Every structure is written in structure tokens, then in C-alpha cells.
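Notes follow once the structure below has been shown.
The values are calculated or read from the model by the stated rules, or taken from the named source; none is laboratory data. What you are looking at is a predicted structure, and each value in this text was computed from that prediction instead of being measured. Reconstructed Cβ throughout: ideal geometry from the backbone, glycine too, with neighbour counts over all protein chains shown.
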Amino acid sequence: MTSLLDLVVGSGPGQRVVVLGAIALYGYLFATRPGDATAAVRNGLVLFGRLFTLIIAALLLASAVETLVPAAAIRGVLGEAAGPGGTVLSGLLGGTLPGGPYAVYPLISGVGAAGAGVGAVLAMLIGYGAIGVGRVPYGLVFFDTKTVALRLAIAVPATVVVSVGVFLLV
Amino acid sequence: MTVREWLAGRAAQGRAVGRAVRRQLGRALTEIDRTDVFNLLVGRQWGQRVVVLSAVAVFTWLVLTDPTAARESAASGIGTFGRMFTLILASLLIASALETVLPRDALADWLGEAAGPKGVVLAGLLGGLLPGGPYGTYPIIRGVADRGASYPAMLAMLIGYSVIGLGRVPFGLAFFDAWIVLARVVIAVVVTIILALLLYALAGTERGGRVLAFEE
């Protein structure tokens with residue numbers, strides 16, 4: 001049975017670091033820069049409101065992936081049995097996932113829980129960060145096409161190389 | 001004009017104003033119905049909409065074909081949300097606080113002056129520290145370039161922001177073991193340094209120098 005304390009500050013050490021870190025950060029901010037602290041709380045809550053359905057949808061999709069896709073199929077395509085090709089595919093697939101980490105991380109976690117190996121999860125996380133196809137439209141707003149294309153041209157081979165490295169090391 | 005007529009006139013005016021207010025409110029509510037509520041439910045950006053609509057499609061299909069699996073998946077997803085609620089909120093609040101207190105101008109001035117291989121590597125690593133989404137971070141990186149940073153430094157910063165993304169660490173801790181999050185960050189820092197040095201070296205060649213330069 002989950003206790004109320006676990007529910008509030010999290011049951012794992014990582015979760016507790018984040019929750020208690022947020023409390024400490026805002027404690028300091030409210031004491032030293034109350035105006036900025038109030039603005040940050042407001043912005044954070046507005047962001048949470050805007051992302052609410054996205055977060056719920058991502059968590060539901062992640063649990064559906066575990067239910068719908070047979071573990072053997074995921075192990076066969078992305079798991080260690082798939083060889084370096086599976087890890088590279090994971091990295092490149094990660095690069096195509098749209099949305100912020102609050103949406104993508106549950107999906108990657110779901111794929112991992114459904115049978116992909118640790119290497120595939122790491123490669124997906126790296127690919128999602130490095131390639132991030134979803135960031136291209138923002139890039140085109142602030143930079144020229146050459147810069148956006150160069151970023152992708154560097155990110156794709158880097159993801160492939162890192163994925164192979166992760167396969168060999170993990 | 002009798003008092004009764006005057007009162008009737010004011011009452012008619014009051015009713016007209018009431019009707020106009022109701023009309024405006026109705027219009028406003030219709031607008032809210034059509035745009036804000038839709039955006040709130042489905043998302044403002046295509047990436048968000050893809051995820052939300054995919055979840056709706058998958059669960060519709062699951063409910064029709066395997067209601068038990070649909071119920072179990074939904075319960076599992078909602079359960080995860082319940083367990084992660086404070087964590088997700090804390091992650092978003094941390095990201096918001098970092099965005100609010102970041103000294104953007106000082107950072108841009110500082111990086112604009114940085115030069116040489118150390119400057120390019122520093123730009124990449126500092127890019128990795130930038131919090132928030134690209135809509136908040138890309139203008140900062142653009143500002144760094146406008147304040148005199150070299151093209152390789154700007155590109156290294158873009159790469160560092162993408163690969164390292166220290167702001168993603170709290171979210172990572174919510175869904176993965178700490179060692180996976182740590183491994184991701186270590187790999188990302190190494191990759192950013194290597195790529196930044198490669199960019200600097202390439203920019204020193206004749207052909208690379210032409211490509212890795214701001215367009216006129």
C-alpha cells in the first residue's frame with residue numbers, strides 16, 4: 001500500500017530528489033526573489049494545465065504499447081537479439097518521436113518495459129535528444145535552413161555511432 | 001413624459017444592454033468552445049495532437065476489440081499518473097524556475113566573447129545547460145550568435161542543447177533508473193565535446209570554413 005508520503009514525494013530516490021529539489025529551489029526563490037518565484041509558479045502551473053491531456057495521453061499510450069505489442073516482437077526488433085541494427089533503429093526511432101520529454105519518456109519507458117533492452121532505451125533517449133525532428137519547425141523560425149539541416153546532418157550519424165557504441169558497451 | 005414612461009424606457013434600455021451582454025458572452029463562450037477548449041484537450045502543437053489523437057485512436061480500437069485489455073491499460077496509465085503527479089509537477093516547476101532566473105543577456109554577452117576551440121566546446125556545454133523547450137531556448141542561442149559568437153559556437157550550442165538537455169534530467173528520473181539517466185548525460189557530454197572540437201577543426205579548413213559560416 002502506497003503511503004501518503006510516498007505519493008507526495010515519490011517512492012524512489014530519483015523522484016524524491018526532484019520533488020524535494022523543487023521545494024528547496026522555490027523556498028530559496030521565495031525568500032530572495034519573491035516576484036520571480038511567483039511568476040515561475042504561475043508559468044509552471046499554466047504549462048502543467050496545457051500539457052495535462054498530453055501527459056495523460058502519453059502515459060495511456062505507454063501502457064497500451066505494453067499491452068498491445070507482444071514482448072517477443074519488441075525484443076526481436078529492438079532487443080539485444082536484434083544486434084547493433086536493433087539499437088541503431090531504436091536511436092533513429094527515438095529521433096522521430098514528437099513532443100517534450102513528459103510525452104516521449106513514458107513511451108520510451110513503455111517500449112523498454114515491453115521487452116526492448118537497456119541499450120535500446122539508451123539509444124532511443126540519445127536519438128530523441130540529438131535528432132529531435134519535432135524541434136525542426138522551431139529551428140526554422142529562429143535559424144536559416146542551412147543551420148537546421150546541418151544540425152540534423154550531424155545528429156543522425158552521431159546517433160548511429162553512439163547507438164553502435166551503446167550496443168557494444170551495455 | 002410620465003414617471004411610468006421614463007421607468008419603462010430605462011427598463012427597455014436595461015433589457016437591450018442585457019441582451020447585448022448576453023450576446024457578447026455567448027460569442028466569447030463560443031470562441032472558447034471552438035479554440036481554447038479544443039487546444040486544451042488536443043494540444044496547440046502538432047506533436048501534442050499526434051500523441052493525444054493516437055491515444056484516443058488506440059483506446060477506441062482497444063475498447064472495441066478487447067475491453068478487458070483497454071480497462072487494464074487505462075488503469076495502469078492512470079495509476080502511473082497518480083504516482084508521478086507530484087514529480088511531473090515538480091519537474092515542470094523546476095523548468096519554469098530555471099527559465100525565469102536564467103541571466104539571458106549576461107550569458108549571450110559572455111559566449112559572444114568566447115573564442116577558439118575552448119569557446120566552441122564551452123558553447124556546446126552551456127547549450128546543454130539551457131532549460132526549457134526550443135521556443136524558449138532557440139531565441140537565446142540566436143541572441144548569442146547576434147552578440148558575436150562564431151558560427152561553429154552557435155551550432156555547437158544547438159547540438160549541446162539537443163544532446164545534453166540537462167532540463168530533461170528530472171523527467172528522466174521520473175521514468176528511468178538513475179544510472180540510465182546518468183549514462184545518458186555522460187554520453188551526451190562526451191558527444192558534445194567531440195562534435196564541438198570537430199566543428200572547430202572543420203571550420204578551419206577551406207571548404208568547411210565556407211559551410212560553417214553565417215550567410216550574408
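Scanning region B:148-170 for residues that are within 25 Å of residue B:183 (Cα to Cα) and not in a helix (DSSP H, G or I) yields B:164, B:165.
Do we have any residue at all in region A:86-93 that's outside any helix (DSSP H, G or I) and over 19 Å from residue B:69 (Cα atoms)? No, region A:86-93 contains no residue that is outside any helix (DSSP H, G or I) and over 19 Å from residue B:69 (Cα atoms).
Quick check on residue B:173: is it at pLDDT below 90, in a helix (DSSP H, G or I) and facing chain A (nearest Cβ under 7 Å)? In short, yes.
Scanning region A:30-42 for residues that are buried (at least 18 other Cβ atoms within 10 Å of the Cβ) and either at the interface with another protein chain (Cβ under 7 Å from one of its Cβ atoms) or under 16 Å from residue B:39 (Cα atoms) (or both) gives a single hit, A:40.
Of everything in region B:176-189 that is part of a helix (DSSP H, G or I) and either facing chain A (nearest Cβ under 9 Å) or touching a residue at least 40 places away in the same chain (Cβ under 8 Å) (or both), the residue that is farthest from residue A:132 (Cα to Cα) is B:178.
Inside region B:166-216, residues that are more than 23 Å from residue A:147 (Cβ to Cβ) and among the hydrophobic types (A, V, I, L, M, F, W, C) make up a count of 16. Is it the case that some residue within region A:67-85 is within 14 Å of another protein chain (Cβ to nearest Cβ), without any contact (Cβ under 8 Å) to a residue 40 or more places away in the chain, within 25 Å of residue B:43 (Cβ to Cβ) and assigned to a loop (DSSP other than H, G, I, E, B)? Scanning region A:67-85, I find no residue that is within 14 Å of another protein chain (Cβ to nearest Cβ), without any contact (Cβ under 8 Å) to a residue 40 or more places away in the chain, within 25 Å of residue B:43 (Cβ to Cβ) and assigned to a loop (DSSP other than H, G, I, E, B), so the answer is no. Across region A:117-165, the number of residues qualifying as within 21 Å of residue B:189 (Cβ to Cβ) and among the β-branched types (Val, Ile, Thr) comes to 11.
Set side by side, the residues B:126, B:130 differ, and just one is touching a Ser or Thr at 6+ places or on another chain (Cβ under 6 Å), aliphatic (A, V, I, L, M) and modelled with pLDDT under 95, which is B:130. When residues in region B:141-158 are screened for being modelled with pLDDT under 85, under 21 Å from the mean Cα position of the chain (by Cα) and surrounded by fewer than 23 Cβ atoms within 10 Å (Cβ to Cβ), 1 of them pass.
Of all the residues in region A:1-59, those that are in a loop (DSSP other than H, G, I, E, B) and either among the aromatic types (Phe, Trp, Tyr) or within 17 Å of residue B:96 (Cα to Cα) (or both) number 1.
One residue stands out in region A:113-153 among those that are at the interface with chain B (Cβ under 7 Å from one of its Cβ atoms) and among the hydroxyl-bearing types (Ser, Thr, Tyr): the one that is surrounded by the fewest Cβ atoms within 10 Å (Cβ to Cβ), namely A:138.
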